[in-house]
Amino acid sequence: MVSNTSGRSSFVGDLGRIYWTYALSFAVFVMLAAILEQVGVPNRVLGYLFVFFTLGAYATIGLLARTMQVAEFYVGARDVPSAMNGMATAAGWISGAMFVGLPGIMFALGWDGLA
């Protein structure tokens, strides 16, 4: 990762723009999938599109965020804004809660537990 003269990496400086670009492209993809479903594209094809879109998004994030510096890899050079760090922490907490809690709710209440 190339750093600019102020010490902040260019990636960290562009996090807001990258986040909104990703969010907008995801919203456009979901709308496109909804249109394709209304046109009559089979659900199996739509499922494959979602899988490939997700893998492509992860690959793009990995390529944009690549670094050979240990501090940037593990802690983002301690330069990630608190809002971005909060979103990552919330996503981790929510996914953990769903992974642990959802099977228990499904076991105890069946499909009614999802309501």
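Answer yes if at least one residue in the range 8-17 is within 20 Å of residue 86 (Cα to Cα) and of a type in the set (S, T, N, Q), and no otherwise. Yes, because at least one residue in the range 8-17 is within 20 Å of residue 86 (Cα to Cα) and of a type in the set (S, T, N, Q).
Scanning the range 53-74 for residues that are β-branched (Val, Ile, Thr), modelled with pLDDT under 85 and surrounded by 11 or more Cβ atoms within 10 Å (Cβ to Cβ) returns 61, 67. For the range 5-52, the candidate set comprises residues that are loosely packed, with under 10 Cβ neighbours inside 10 Å and not aliphatic (A, V, I, L, M); within that set, the residue that is modelled with the lowest pLDDT is 5.
Here is a list: 87, 98. Which entry is more than 19 Å from residue 10 (Cβ to Cβ), modelled with pLDDT under 90, assigned to a helix (DSSP H, G or I) and within 14 Å of the chain's Cα centre (by Cα)? First the steps, then the outcome.
Details: 98 fails: within 14 Å of the chain's Cα centre (by Cα).
Among 87, 98, only 87 is more than 19 Å from residue 10 (Cβ to Cβ), modelled with pLDDT under 90, assigned to a helix (DSSP H, G or I) and within 14 Å of the chain's Cα centre (by Cα).
For the range 64-84, the tally of residues that are hydroxyl-bearing (Ser, Thr, Tyr) and assigned to a helix (DSSP H, G or I) stands at 2. Checking the range 15-35 against the condition returns a match, with at least one residue being assigned to a helix (DSSP H, G or I) and of a type in the set (D, E, K, R).
The values are calculated or read from the model by the stated rules, or taken from the named source; none is laboratory data. Note that the structure is a prediction, hence the values are computed from the model and not measured. Don't worry about glycine lacking a Cβ; one is built from the backbone with ideal geometry, like all the others, and counts go over all protein chains shown.
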